[in-house]
Amino acid sequence: MISTGRAYRAKAHAGLIHSPFSLSLLALAMSAVMHPAQADENSNEQEMVVYGNGNESADSQQDYAVKTTRSGTKMLLTPRDVPQSVSVVTRQRMLDQDLQTIDQVLTNATGVSSQQVDSERSSYFSRGFEITNFAYDEIPTSMGDAWNFGDAQEDTAIYDRIEIVRGANGLVTGAGDPGATVNMVRKRADSKTFRGNVSASYGSWNQQRYVGDISAPLNADGSLRGRVVAGYQDQDSWLDRYGKRKKFLYGVIEGDVTERTTASLGWDYQQTNTANPTWGGLPSLYSNGSRTHYDRNVNTSANWTGYAVESRKVFANLTHGWDNSWSVRFNGTHGEQTFNDTLLYVMGNPDATTGEGASGWGSKDRGKRILDSFDTYASGPVELLGRQHQLMAGASYSRQHNATFSKDGPMDSDRIGIFNNSWDGSVAEPEWSDWYQNADDIVRQKSAYTAARLSLADPLSLIVGARYTQYSSDGSSGDMRKYNTTPYGGLVYDINDSLSAYACYTSIFAPQTKRTKEGAWLSPVTGKNYETGLKADWMDGRLTTNVALFRIEQENAGEAISGEFVNGSSEQAYRATKGAVSKGAEFEVNGAVTDNLQLTFSATRYVARDSDGRFNSFAPQTQLKLFSRYRVPVLTDLTVGGGVNWQNRVYKDVTGPDGETQRLYQGSYPLVDLFAQYQLTKQLAVQANVRNLFDREYYAYLDDSAVYGEPRSVSVSMNYTF
């Protein structure tokens, strides 16, 4: 006899069962149409499956938690049935917290810390390791930090949610790092009625933002649907002379080819132009070895600097389900990103009194990245030994071509002049060298993967799988060929109706895009990843909790070398570490505590060390993050909320003016945010957000250069829904 209790819970969370406690017609309808395999997963159960359309409940639309996800395994499961730590930042959370970019989402996500390298670039870390694995609608891609193609500044207006799987995720991503994998789920054209919203906001430093999101049927019965999201943003900054303009356009058409086949085709465009961007930060040390103290508004750029990024993506999706409850999905994307910049890097150690002694390095850069990626997989139920199980198998291919060119312009201290709080960027351009090509590489990945979720007993399931990857890199940095099989194993045991225990294991395989200062690729990262913990859900899956213990062992992890660049270019140089080990614990509670209170709270603590001591010492090893929204019962049109992010002290060892190693510290600090929203009419709402309420001064990046974090800011927005 098959297990009915586990299947019932999964179906209830997916919206497939008519429960006396809750019924979401839209969840029922969408799950039946989009995931027919789940609808017929167990023919022995008594259930009601609704094929059609409806309206999702207001409470469900405003949730911070999701009831099902494909993250981690590509099988549609409740978060509680995934034997890894999974966090989801929903659309509602992004709106409440005013998270406008991927960078802001990751900075506020559980277990993730960010390093704001300069005004245009950020890097992200989880469990001590850098995050380089990103995916769009489950299609994996790799984003290196050598050049900025605008990935972190992509606008969240086009995404329905952002999913983060912490720890190694080789089954889904193939070659990857052990920190985390980020999957960005695009909005769909799933509405058979005309609807949409427009918003306008104004905030600190003259930030103006306008966004429109419109969905509509394109034929009489709604079997063909369209959606368009467009936006424009213009802003200054707390940095002197800085200005940025961004515009984006997203369109998708989705159609029901047959009763069980859905196809979609979309296009995504974004353009960003920045005036007076920084490259690196302010000098960290004066010539006498003491710490520098600049005003936060000081901008190291020259008046002739700029940064332009343009991104175009075309994507397609096809999903088909059969009567036997099996389904197949195909995803494909073609993306082209270009950048063009003129930058100034201020370096050296100026005199504390006169401001003399700083030098500079000018750089003109342009580059293009072309990505073609395809992924297809099938999944469905199989019956064996009187029990029902799930099977998934697929294959993927990706080709990424990166080409970059540069001009150099060294600038001595006489040209830079006096660098202090009065610096205004009025410095002449350097003598530029000729253009030269510093990178021309093609990276390919071919993978085949499979996984099975075996129902061993009513309370016990086992997920086993593996991915075989062929990885190759050809080009200016030399040729590389790597072949690897990544195993995956996870066990989930239901202790009761609300609580489960889990454990998982996976190996690590990650060819690196980081290079030594001589230009050679670092050897691939290899190692092992272990995790165990407890998961629970309540309120029909609207509230989830997770406590995890983890250990990651790896070799050859890349670590940045302070002040070193690849062949004298602007590309950061790295070294391969030996025996890096990270171990720690995480806790997260996320979702609806009550119908009026949405809450996300997380606590992270780990220790990461390698043969030389603390590993990536600039990444905080302890973090606390809280954000909530509360709908006031006596004033139902009023919603208030806010939160705080806290991290412990971090440090970075740098080479001082005297040639000796000096340790720079950034003390622990909290950042407090607030928001309030008032529903003026059924369709019109006004919202105010405050970031860094107490105007805390801190470094968002600390090395031989230092970058201040954002001061207090305020924004007010109007949103009209129709």
Notebook entry, point to check: How big is the charge dipole of segment 590-642 about its Cα centre, in debye rounded to the nearest 20, if each Lys and Arg gets +1 on its Cβ and each Asp and Glu gets -1 on its Cβ?
Noted result: 100 debye
Checklist line | With DNA, RNA and ligands ignored, accessible area of residue 610 (1.4 Å probe; Å², nearest 10) | finding: 20 Å²
Item checked: Cα radius of gyration and Dmax for segment 445-525 (Å) -> 18.6, 57
Check: Does segment 60-117 classify as rounded, prolate or oblate by the C-alpha gyration tensor (a ≥ b ≥ c root eigenvalues; a/c under 1.5 gives rounded; else a/b over b/c gives prolate, otherwise oblate)?
Finding: oblate
Notebook entry, point to check: residue 241 accessible area, nearest 10 Å², 1.4 Å probe?
Noted result: 70 Å²
Next item on the list: At q = 0.15, 0.16 Å⁻¹, work out log10 I(q)/I(0) for segment 192-270 with the Debye formula, treating every Cα as an identical point scatterer and leaving solvent out; two decimals please.
Entry: -0.64, -0.69
Notebook entry, point to check: Share of the chain's accessible area from carbon and sulfur, percent, 1.4 Å?
Noted result: 55 percent
Item checked: J(HN,Hα) series, segment 69-74, from Karplus relation 6.51 cos²θ - 1.76 cosθ + 1.60, nearest Hz, glycine and proline x -> 7, 9, 4, x, 9, 6
Next item on the list: Would you please classify the overall shape of segment 117-207 from the alpha carbon gyration tensor, given that a ≥ b ≥ c denote the square roots of the eigenvalues, rounded means a/c under 1.5, and beyond that prolate means a/b larger than b/c while oblate covers the rest?
Entry: oblate
Next item on the list: Starting at the first residue of segment 616-624, write each ³J(HN,Hα) from the Karplus equation 6.51 cos²θ - 1.76 cosθ + 1.60 with θ = phi - 60°, in whole Hz, x for Gly and Pro.
Entry: 6, 5, 7, 8, x, 8, 10, 9, 10
Margin query: For a test of the definition: using alpha carbon positions, the gyration tensor, and the 1.5 limit on a/c, classify segment 96-169 as rounded, prolate or oblate.
Written below: rounded
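Are any of the pairs 74/244; 368/583; 244/446; 244/407 more than 32 Å apart by Cα-Cα distance, and if so, which?
Checking Cα-Cα distances, 74/244; 368/583; 244/446 exceed 32 Å.
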Check: So, counting K/R as plus one and D/E as minus one, what does the shell of residues with Cβ under 11 Å around residue 705 add up to?
Finding: -2
Check: For 552, 442, 253, what's the largest-to-smallest order of accessible area, 1.4 Å probe?
Finding: 253, 442, 552
Margin query: Net charge within 9 Å of residue 475 by Cβ-Cβ distance, Lys/Arg positive one each and Asp/Glu negative one each, not counting residue 475 itself?
Written below: -4
Check: For segment 462-525 and segment 614-666, what is the separation of their Cα centres, given in Å?
Finding: 28 Å
Item checked: Accessible surface, segment 521-615, averaged per residue in Å² (probe 1.4 Å) -> 38 Å²
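With an 8 Å Cα cut-off and a minimum separation of 6 or more residues, compute the relative contact order for segment 532-678 in percent.
16 percent
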Item checked: DSSP loop GluC sites (Glu not before Pro) with at most 11 other Cβ within 10 Å excluded, longest remaining stretch of the chain -> 1-258
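Past 18 Å, Cα to Cα, is the threshold; run 192/313; 514/652; 528/578; 187/313; 482/514 against it and keep the listed order.
Checking Cα-Cα distances, 192/313; 514/652 exceed 18 Å.
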Item checked: Average silhouette area of the chain, convex hull of alpha-carbon atoms, in square nanometres -> 29.1 nm²
Check: What accessible area, in Å² to the nearest ten, does a 1.4 Å probe give for residue 374?
Finding: 90 Å²
Notebook entry, point to check: Given the convex hull of the Cα atoms of segment 287-420, what is a quarter of its surface area in nm²?
Noted result: 15.1 nm²
Next item on the list: Any aspartates and glutamates with Cα under 16 Å of the residue 535 Cα? List them, leaving off those in the same chain fewer than 8 positions away.
Entry: 81, 494, 497, 586, 588
Notebook entry, point to check: By how many degrees, 0 to 90 and rounded to 10, does the Cα axis of helix 4-14 deviate from the longest principal axis of the chain?
Noted result: 60 degrees
Next item on the list: For 422, 325, 433, write out the residues from largest to smallest accessible area, computed with a 1.4 angstrom probe and no ligands counted.
Entry: 422, 433, 325
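The values are calculated or read from the model by the stated rules, or taken from the named source; none is laboratory data. A quick note: this is a predicted structure, and the numbers were derived from the prediction, not measured. When we count neighbours, we look across all protein chains shown, and the Cβ atoms used for this are built from the backbone with ideal geometry, even at glycine. The accessibility values were calculated without ligands, DNA or RNA, using every heavy atom of the protein model including side chains. Shrake-Rupley method; radii C 1.70, N 1.55, O 1.52, S 1.80 Å.
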